[in-house]
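Written out below as structure tokens is the structure these notes cover.
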Amino acid sequence: MVLSSIHSLVQTGLSGVNADFASLIDSQNNFPEMQKMLRQVLLGGKVVRPTLTLLSGSFYNYNLEQLQPMATATELMHIATLVHDDAIDSADLRRGNSTINALWGVDLAILVGDFLFARAGEMAARAGNIRVVELFSQTLGVIARGEVKQALASFRLDQSIEQYIERVAAKTAALFTLSTVSGGILSLAPEDKVQILYDYGYNLGIAFQIVDDILDFVGNASDVGKPVGADLVQGTVTLPAMKLLQRYPKDNPLIKIARQEDVEDSIRKVIEMIRNSNIIDECYQLANDYSKLALRDLNKLPTKPASQALMSLAEYVVSRNK
């Protein structure tokens with residue numbers, strides 16, 4: 001099942017998400033500069049998280065009036081985190097487009113991110129379920145705490161793979177579980193089935209981020225939407241870099257990057273060393289392991305088209321630009 005077929009199963013809900021984005025932009029018609037900023041970040045993207053919410057809500061009582069606002073909320077939260085990430089990292093490109101901070105400055109980018117978080121909370125409230133609103137707030141807290149830990153760990157080479165997974169869990173996986181669990185709750189799924197959807201979202205989120213981190217080394221800027229090696233520039237030590245450091249703990253260009261010495265040349269060397277090793281294959285293997293964990297209990301959910309879609313989505317996640 002290709003990505004377009006997966007989306008087709010929940011196209012009405014995804015169209016509603018796009019309509020919500022358009023309505024949000026239109027609501028600022030008396031503030032043209034804000035409209036420009038919103039258009040910059042709300043148009044385009046993969047809409048993975050809304051798709052997860054809508055698919056996860058398809059197994060029991062599919063109530064689009066509740067699910068669609070929540071799908072919008074998950075994507076708005078995701079976009080808000082990206083706006084803040086780019087501001088913190090002074091990143092100039094995201095999805096191949098100029099970032100808010102590159103065009104309007106860091107201060108305004110932070111405020112736009114705050115605005116998006118506020119609107120995301122409003123959309124979550126429209127789902128009309130207090131448990132989902134609590135889950136939304138808890139997820140935001142997890143992400144914020146994770147970002148603080150990541151910032152404090154910048155350019156530190158003494159991090160373990162376990163700490164990397166913990167960081168990913170507080171970032172990508174947290175948003176994926178918000179998407180899947182909220183869908184389950186809003187569809188009135190039994191608690192044991194909500195847990196299955198949580199496990200799926202958690203493991204899929206980790207697999208997704210591992211592949212993203214792989215692509216930071218082996219992708220190209222036009223596909224990835226940002227410069228190759230961008231994580232190293234910001235001092236974020238991801239799985240491929242950790243594995244390289246394990247192999248070469250002393251004579252390693254990562255040490256110079258951590259010391260901010262010959263950064264550009266050292267990044268080039270790190271990328272070359274990783275590409276010329278089997279590190280990428282090892283990282284893909286770990287992503288595949290998490291993808292399989294995501295699928296482990298899906299067969300305990302009702303047999304519906306959404307089941308196959310979630311399986312196919314897990315396969316897609318670990319095959320991106322491989």
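The values are calculated or read from the model by the stated rules, or taken from the named source; none is laboratory data. Fair warning: this is a prediction, and the values are worked out from it, not measured in the lab. Glycine also receives a Cβ, built like all others from the backbone with ideal geometry; neighbour counts cover every protein chain displayed. For the accessible areas, the whole protein counts, side chains as well, though only heavy atoms, and no ligand, DNA or RNA atoms are used. Shrake-Rupley method; radii C 1.70, N 1.55, O 1.52, S 1.80 Å.
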* Scan segment 242-260 for residues that are in contact (Cβ under 8 Å) with a residue 40 or more places away in the chain and not in a loop (DSSP other than H, G, I, E, B) and jot them down. => MET242, LYS243, LEU245, LEU254, ILE255, ILE257, ALA258
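Please go through segment 281-312 and pick out each residue that is more than 25 Å from GLU162 (Cα to Cα) and not small (Gly, Ala, Ser).
Applying the first criterion (more than 25 Å from GLU162 (Cα to Cα)) to segment 281-312 yields 298-312.
Within segment 281-312, LEU298, ASN299, LYS300, LEU301, PRO302, THR303, LYS304, PRO305, GLN308, LEU310, MET311 qualify.
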* Single unsatisfied condition, GLY146 versus (1) over 14 Å from SER179 (Cα atoms); (2) without any contact (Cβ under 8 Å) to a residue 12 or more places away in the chain -> (2)
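Table: residues versus (1) in contact (Cβ under 8 Å) with a residue 40 or more places away in the chain; (2) within 20 Å of GLY183 (Cβ to Cβ); (3) within 15 Å of the chain's Cα centre (by Cα).
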site: ALA91; (1), (2), (3): yes, no, no
site: ILE100; (1), (2), (3): yes, no, no
site: ALA118; (1), (2), (3): no, no, no
site: ALA124; (1), (2), (3): yes, yes, no
* **Identity of the residue in segment 113-156, under 18 Å from ASN63 (Cα atoms) and out of contact with any Pro (no Cβ under 8 Å at 6 or more places or on another chain), that ends up most open to solvent (accessible area, probe 1.4 Å)** => ILE130
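Going by what's in this entry, would ALA109 be described as buried (at least 19 other Cβ atoms within 10 Å of the Cβ) and either out of contact with any strand residue (DSSP E or B) (no Cβ under 7 Å at 6 or more places or on another chain) or farther than 25 Å from VAL41 by Cβ (or both)? Talk me through it step by step, then tell me what you get.
Working: buried (at least 19 other Cβ atoms within 10 Å of the Cβ): yes; either out of contact with any strand residue (DSSP E or B) (no Cβ under 7 Å at 6 or more places or on another chain) or farther than 25 Å from VAL41 by Cβ (or both): yes.
Taking the combined requirement at face value, the residue satisfies it.
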* **Subset tally (residues that are closer than 25 Å to MET242 by Cβ and among the aliphatic types (A, V, I, L, M)) for segment 154-211** => 14
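Could you tell me which of the residues TYR290, TYR284 is modelled with pLDDT of 95 or more, among the aromatic types (Phe, Trp, Tyr) and touching a Lys or Arg at 6+ places or on another chain (Cβ under 9 Å)?
Values: TYR290 fails: touching a Lys or Arg at 6+ places or on another chain (Cβ under 9 Å).
None of the others qualify; the one that does is TYR284.
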* Asked: Within segment 218-230, is there a residue that is in contact with a helix residue (DSSP H, G or I) (Cβ under 7 Å, 6 or more places away or on another chain), surrounded by fewer than 20 Cβ atoms within 10 Å (Cβ to Cβ), among the small types (Gly, Ala, Ser) and not in a loop (DSSP other than H, G, I, E, B)?
  -> yes
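Could you list all residues from segment 4-40 that are among the acidic types (Asp, Glu) and either open to solvent by less than 80 Å² (accessible area, probe 1.4 Å) or within 11 Å of THR51 (Cβ to Cβ) (or both)? Can you show your working first?
Taking segment 4-40 and keeping what is among the acidic types (Asp, Glu), we get 20, 26, 33.
ASP20, GLU33, listed by residue number.
From the set of residues in segment 278-320 that are part of a loop (DSSP other than H, G, I, E, B) and of a type in the set (D, E, K, R), which is least open to solvent (accessible area, probe 1.4 Å)? Before the answer, list the steps.
From segment 278-320, those part of a loop (DSSP other than H, G, I, E, B) are 278, 296-297, 301-304, 318-320; that's our starting set.
Next, only the ones that are of a type in the set (D, E, K, R) stay: 296-297, 304, 320.
Values: ARG296: 135, ASP297: 37, LYS304: 78, ARG320: 18 Å².
The residue in question is ARG320.
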* **Which listed residue is at pLDDT below 95 and more than 18 Å from ASP158 (Cβ to Cβ), from VAL233, VAL237** => VAL233
* Test: residue in segment 54-61 that is within 22 Å of LEU111 (Cβ to Cβ) and either of a type in the set (S, T, N, Q) or open to solvent by 30 Å² or more (accessible area, probe 1.4 Å) (or both) -> no
* Asked: Scanning segment 157-190 for residues that are without any contact (Cβ under 8 Å) to a residue 24 or more places away in the chain and not in a loop (DSSP other than H, G, I, E, B), which turns out surrounded by the most Cβ atoms within 10 Å (Cβ to Cβ)?
  -> ARG167
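Report yes if ALA207 is within 26 Å of THR53 (Cα to Cα), touching a residue at least 24 places away in the same chain (Cβ under 8 Å) and in contact with a helix residue (DSSP H, G or I) (Cβ under 8 Å, 6 or more places away or on another chain), otherwise no. If you could, list the steps in order and put the result at the bottom.
Values: within 26 Å of THR53 (Cα to Cα): yes; touching a residue at least 24 places away in the same chain (Cβ under 8 Å): yes; in contact with a helix residue (DSSP H, G or I) (Cβ under 8 Å, 6 or more places away or on another chain): yes.
Judged against the criteria, ALA207 is a match.
Within segment 168-225, can you find the residues that are over 15 Å from the mean Cα position of the chain (by Cα) and either within 21 Å of THR238 (Cβ to Cβ) or hydroxyl-bearing (Ser, Thr, Tyr) (or both)?
Going residue by residue through segment 168-225, those that are over 15 Å from the mean Cα position of the chain (by Cα) are 181-199, 217-223.
Those that are over 15 Å from the mean Cα position of the chain (by Cα) and either within 21 Å of THR238 (Cβ to Cβ) or hydroxyl-bearing (Ser, Thr, Tyr) (or both): SER182, SER187, TYR198, PHE217, VAL218, GLY219, ASN220, ALA221, SER222, ASP223.
How about segment 46-82: which of its residues are touching a residue at least 40 places away in the same chain (Cβ under 8 Å) and more than 21 Å from ALA127 (Cβ to Cβ)? Outline the logic, then answer.
First pass over segment 46-82, keeping only residues touching a residue at least 40 places away in the same chain (Cβ under 8 Å): 47-64, 66-78, 80-82.
Answer for segment 46-82, where residues must be touching a residue at least 40 places away in the same chain (Cβ under 8 Å) and more than 21 Å from ALA127 (Cβ to Cβ): just LEU82.
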